[in-house]
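Each remark here refers to the structure printed beneath this line.
Please treat every number below as a calculation from the coordinates, not as lab data. All values derive from a computational prediction rather than experimental measurement. Glycine gets a Cβ as well: all are built from the backbone with ideal geometry, and neighbour counts include every protein chain shown.
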Amino acid sequence: MERTATRMLTVGLAALGATVPPADAGSARAQAAGAAAETSREAQDGSEARALIETLSARLLAAPSATAVLEAWCAERGLSPDPRIVAVRVPGPDKLPGAARRERLAVGPDEPVRYRRVRLTCGTHVLSEADNWYVPSRLTPAMNAALDGTQAPFGHVVRPLGPSRRNRSLTMLWRPESGGLPGPGEPLFSVEAVLTAGGVPFCEVAETYTGAVLIQGAR
């Protein structure tokens with residue numbers, strides 16, 4: 001704030017035709033150089049953040065399991081000594097699947113579809129929030145029990161099915177040109193996908209990834 005005020009004062013005096021004393025001129029030049037260096041660092045940090053977002057989103061789109069990608073990312077970035085992903089349930093009302101989602105899941109209007117909202121965490125970091133609609137009749141009783149009663153991520157639970165992901169959309173939510181760098185809780189991008197096993201859909205997910213994925217921890 002003080003540097004900004006100094007620059008504004010210097011510009012204002014120059015516009016009025018006033019003579020800036022040499023000492024003040026030197027100070028103004030130093031202030032300008034510092035501001036330029038700060039802008040350069042922010043631009044570099046913004047470019048690095050963009051590159052990390054592009055890398056992670058590409059991995060997610062190419063992989064059959066978002067959980068596996070996040071665990072590898074957590075280990076790579078050193079976010080926790082134990083890079084396991086934990087699914088912390090978010091309390092709240094169920095979001096009904098709706099006709100379009102039921103069609104994508106290939107279920108009729110009376111077929112039960114369960115809803116699960118979680119925060120996927122690695123250590124103390126919340127890497128994403130996910131809405132999950134799944135068809136319990138297409139999972140085993142043990143899988144349904146794990147989803148109901150544990151903090152196991154969906155990807156871990158259904159891994160025995162050998163699932164595939166059919167991506168529906170990728171939406172970038174953070175824009176580098178908006179200024180500043182994303183905080184750990186700021187949304188970066190979202191992915192929507194349908195999970196299938198043997199060509200049969202059994203789950204649809206809507207995942208929003210946060211700025212915590214950009215954190216560099218100890219490795």
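General remarks:
- Between Val86 and Asp148, the modelled label-to-label distance comes to 2.3 nm, taking each label 7 Å out from Cα in the direction of the beta carbon.
- With a Förster radius of 35 Å applied to the beta-carbon distance between Arg175 and Arg101, the computed FRET efficiency rounds to 0.75.
- Protection proxy ranking of 99-105, 169-175 - average other beta-carbon atoms within 10 Å, highest first: 99-105, 169-175
- Ranked by the mean number of other Cβ atoms within 10 Å per residue, highest first, peptides 185-192, 144-151 order as 185-192, 144-151.
- Each peptide in 109-118, 57-66 was scored by the mean count of other Cβ atoms within 10 Å over its residues; highest first, the order is 57-66, 109-118.
- A compact globular protein would have a Cα radius of gyration near 2.2 N^0.38 Å; the ratio found for the range 55-102 is 1.55.
- Charge sum, other residues only, whose C-beta stays under 12 Å from Phe202's C-beta, Lys/Arg counted +1 and Asp/Glu -1: +3
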